[in-house]
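Visitor: Handing you a structure now.
The values are calculated or read from the model by the stated rules, or taken from the named source; none is laboratory data. What you are looking at is a predicted structure, and each value in this text was computed from that prediction instead of being measured. Cβ placement follows ideal geometry from the backbone for every residue including glycine, while neighbour counts extend to all protein chains displayed. Heavy atoms of the whole protein, side chains included, go into the accessibility calculation; ligands, DNA and RNA do not. Shrake-Rupley method; radii C 1.70, N 1.55, O 1.52, S 1.80 Å.
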Amino acid sequence: LPFLWPDGASPTGKADIPAEVLDGLIETKLSTVDAQAFDQGREDRSDWRAQFRGCIFRNFDVHRLKIATHTETKRLQLAIHCDACAFAGHASFDKAAFAGIARFREAAFVGHAGFREAAFANGAWFDKAAFAKGAWFDKAAFARAAWFNDATFAGETGFREAVFAGHAWFDKATFAGAAWFNEAAFA
């Protein structure tokens, strides 16, 4: 639900919903995507990703959610679909473990986007994603293919020490700010 109706002036009421209520809704959806759901999805080919296509998030910090409590040996397992999502504030997926597919095609990140030390076990799609401020993928690990085709990085971008074990596509990606790939590994 957007902040304003199509007239651009009338508020929808989303801005009045307390952040903890929105976090609760997100948490409920993400908590159904666990190891058991992954196993069941493999058997019956059901779609067990957290589907957020087209959602608008004020701020998103995966570690603010209760289900994100983890130790260094066991991280929150995610399979998420955020195509055409708008992250109106900051977005933090730092240290998240994407056990399933991670899709952020055509997503808009208005604030800083953090994917530092994130682990992508399957494909990671960021095609046509727009990063208005800093985008940080430092020490991220991509076990399979990663797509950043036509992505726009307007601010500083970091892929320092990122590991791309599969193919990495950056076809027609635009870097308007400084971009660091220091010690990044491309298999």
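Visitor: Please tell me if F164 is of a type in the set (F, W, Y), within 20 Å of F109 (Cα to Cα) and either under 16 Å from the mean Cα position of the chain (by Cα) or open to solvent by less than 70 Å² (accessible area, probe 1.4 Å) (or both).
Guide: no
Visitor: May I pose another question? Every residue in region 120-144 that is open to solvent by 30 Å² or more (accessible area, probe 1.4 Å) and out of contact with any Asp or Glu (no Cβ under 7 Å at 6 or more places or on another chain), please.
Guide: Within region 120-144, A121, N122, W125, A130, A132, K133, W136, A141, A143, R144 meet the criteria.
Visitor: Also, I was wondering about something else. Would you say I101 is farther than 21 Å from R58 by Cβ and modelled with pLDDT under 95?
Guide: yes
Visitor: Yes or no: T157 over 28 Å from L22 (Cα atoms), open to solvent by less than 30 Å² (accessible area, probe 1.4 Å), among the polar types (S, T, N, Q) and touching a strand residue (DSSP E or B) at 6+ places or on another chain (Cβ under 6 Å)?
Guide: Yes: the conditions hold for T157.
Visitor: Could you please find all residues in region 78-100 being surrounded by fewer than 22 Cβ atoms within 10 Å (Cβ to Cβ) and part of a loop (DSSP other than H, G, I, E, B)?
Guide: Selection gives D83, A84, A88, G89, H90, D94, K95.
Visitor: Also, I was wondering about something else. Kindly indicate whether E20 is open to solvent by 80 Å² or more (accessible area, probe 1.4 Å), modelled with pLDDT under 70 and acidic (D, E).
Guide: No; evaluated as a whole, the condition is false for this residue.
Visitor: Then there is this: Looking for whichever is open to solvent by 70 Å² or more (accessible area, probe 1.4 Å) and aliphatic (A, V, I, L, M) here; the options are A113, A187. Which one fits?
Guide: Result: A187 is the single residue among A113, A187 that is open to solvent by 70 Å² or more (accessible area, probe 1.4 Å) and aliphatic (A, V, I, L, M).
Visitor: Continuing with the same structure: Can you pull out every residue in region 101-110 that is assigned to a loop (DSSP other than H, G, I, E, B) and open to solvent by 10 Å² or more (accessible area, probe 1.4 Å)?
Guide: Scanning region 101-110 gives R105, E106, V110.
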